[in-house]
Every structure is written in structure tokens, then in C-alpha cells.
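The block underneath contains the structure these notes are about, expressed in C-alpha cells.
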Amino acid sequence: MTTPVTFISGILAQIYTARQLDLLHLSIINLLDMIKDGEIDLVLEQTKKTAKEKKAFIQKIIDSVDSPELAGALQPELDSNAVDFFLEKHLKEYLVQLQREAEKMVSVKLTTAIEFKTKDVKEMAERLSHTLGKPTVLNLTVDHSLIAGAIVQYGNYITDYSLKVRLEQFRNHWEEAAIAKS
């Protein structure tokens, strides 16, 4: 069975967009609800169920998980026949710790003029994490009216690096200069 630290760090290392983080939170909540309701333990503790039936039940649960990162971390546990991992006494601990760590992630809104490749988005999130000293995810929006550049928003901090703003500033300076010469 994977250790909680390995399990959690493996999942969070793959999360770099706000959408991924939202899906992770939703998936954790859904799984914790199943655990709270006793659905999983009820099936896994039935002596009449075969190991194959229990494994098929867990596979359905994994297939219903909205977060690919979380589903990807759960699948090896099932593949190694660690069905007991999915009992409340184990899985709940992992999920609660994962939820706590995921809540520490910071969201930075990034509005760009173009859509970036996945590897570039991941790299930007990693750099921001290093800069801010906190795990960071990007909430991405594409706005073609920016022409080029980006707008970065973190909390109350907003910086506009767009070409649209630079052109507006240039136009204002040019109009002021033209009016002053008249």
C-alpha cells in the first residue's frame, strides 16, 4: 500500500490548473460521502462477495471519479489487489489529508491573448509556485482582444502586460502631445 505522503504528493504534482483542482475537490467530496454512508465498507466486508466482485465494485468507483489524477492514483492500489486500501479506515485518512493539502493551493488568474500548450501552462504554474512559495494553480482565460501579452491577477494584485493596454497608453500620450502642439 502506498504511503499517504507518496499518494498525496503524486496527485498534487499533477495539478496545475484551477479546473483540475476543482475536479479533485469534487472527487474527494464524492468519495468521502460514499465512505460516510458506509457504501464501500458494506460491500468490501461482505463475506459472500468474491475478491473478483469486490474488485469490480471498486473499479466502478474509480471509473466514476471525475479527477483523472485521483483516479490514476487509486488504480494502482486496485491493480495490486490492495482492496483493503479502499476501506474507510484507510481511504478516509488519505482523502482527508489530500483535501487539506489541496486547500493550500493558491489560484492565480491568468488571462492571455493566446492559448498555451499544456506543458507551458504546467511550467508557468511551477514557476509561480516557486515565486510565491506556495503550490499554485492557474485559472486560465483566453481573451484575443488583448492582442498579445497577459493579465495576471493574484488576490488584490493585478498586473496588465497586454499589448492592448500598451497601445491605449501610446494613443493617449500621442493625443496629449497632439493637443499640446495645437
Just give me the residues in the range 33-53 being at negative phi and in a loop (DSSP other than H, G, I, E, B), in sequence order. 37, 45, 46, 47, 48, 49, 50
Quick check on residue 70: is it closer than 30 Å to residue 127 by Cα, touching a strand residue (DSSP E or B) at 6+ places or on another chain (Cβ under 7 Å), at pLDDT 95 or above and part of a helix (DSSP H, G or I)? no
The listed residue being aromatic (Phe, Trp, Tyr) and touching a Leu at 6+ places or on another chain (Cβ under 8 Å), out of 86, 170: 86
What are the residues in the range 1-32 that are part of a helix (DSSP H, G or I) and open to solvent by 60 Å² or more (accessible area, probe 1.4 Å), if any? 5, 6, 9, 19, 22, 26, 29, 30
Would you confirm whether any residue within the range 90-101 is surrounded by 10 or more Cβ atoms within 10 Å (Cβ to Cβ), within 15 Å of the chain's Cα centre (by Cα), within 19 Å of residue 32 (Cβ to Cβ) and free of Cβ contacts under 8 Å to residues at least 60 places away in the same chain? yes
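This table checks each residue for (1) closer than 30 Å to residue 3 by Cβ; (2) touching a strand residue (DSSP E or B) at 6+ places or on another chain (Cβ under 9 Å).
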{"site": "83", "(1), (2)": "yes, no"}
{"site": "88", "(1), (2)": "yes, no"}
{"site": "136", "(1), (2)": "yes, yes"}
{"site": "150", "(1), (2)": "no, yes"}
{"site": "171", "(1), (2)": "no, no"}
{"site": "178", "(1), (2)": "no, no"}
Is the range 58-72 home to any residue that is under 16 Å from residue 41 (Cα atoms) and of a type in the set (Lys, Arg)? yes
Residue selected from the range 60-73 under the condition under 17 Å from the mean Cα position of the chain (by Cα) and over 15 Å from residue 26 (Cβ atoms), by the criterion least open to solvent (accessible area, probe 1.4 Å): 73
Strands (runs of 3 or more DSSP E) enclosed by the range 80-182 - at least 3 residues per element that are of a type in the set (Ser, Thr, Tyr): 106-112
Checked pairs for the range 25-41, first under 17 Å from residue 15 (Cβ atoms) and basic (Lys, Arg), second in a helix (DSSP H, G or I) and open to solvent by 70 Å² or more (accessible area, probe 1.4 Å), C-beta under 6 Å and 6 or more apart or across chains, list as none
Can you pull out the residues in the range 152-181 that are more than 22 Å from residue 22 (Cα to Cα) and either in contact with a Pro (Cβ under 7 Å, 6 or more places away or on another chain) or of a type in the set (A, V, I, L, M) (or both)? 158, 163, 165, 167, 177, 178, 179, 180
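The values are calculated or read from the model by the stated rules, or taken from the named source; none is laboratory data. Please read these numbers as outputs of a predicted model, since none were measured by experiment. We place every Cβ from the backbone using ideal geometry, glycine too, and count neighbours over all the protein chains shown. These area figures cover heavy atoms from the full protein model, side chains too; ligands, DNA and RNA do not enter into them. Shrake-Rupley method; radii C 1.70, N 1.55, O 1.52, S 1.80 Å.
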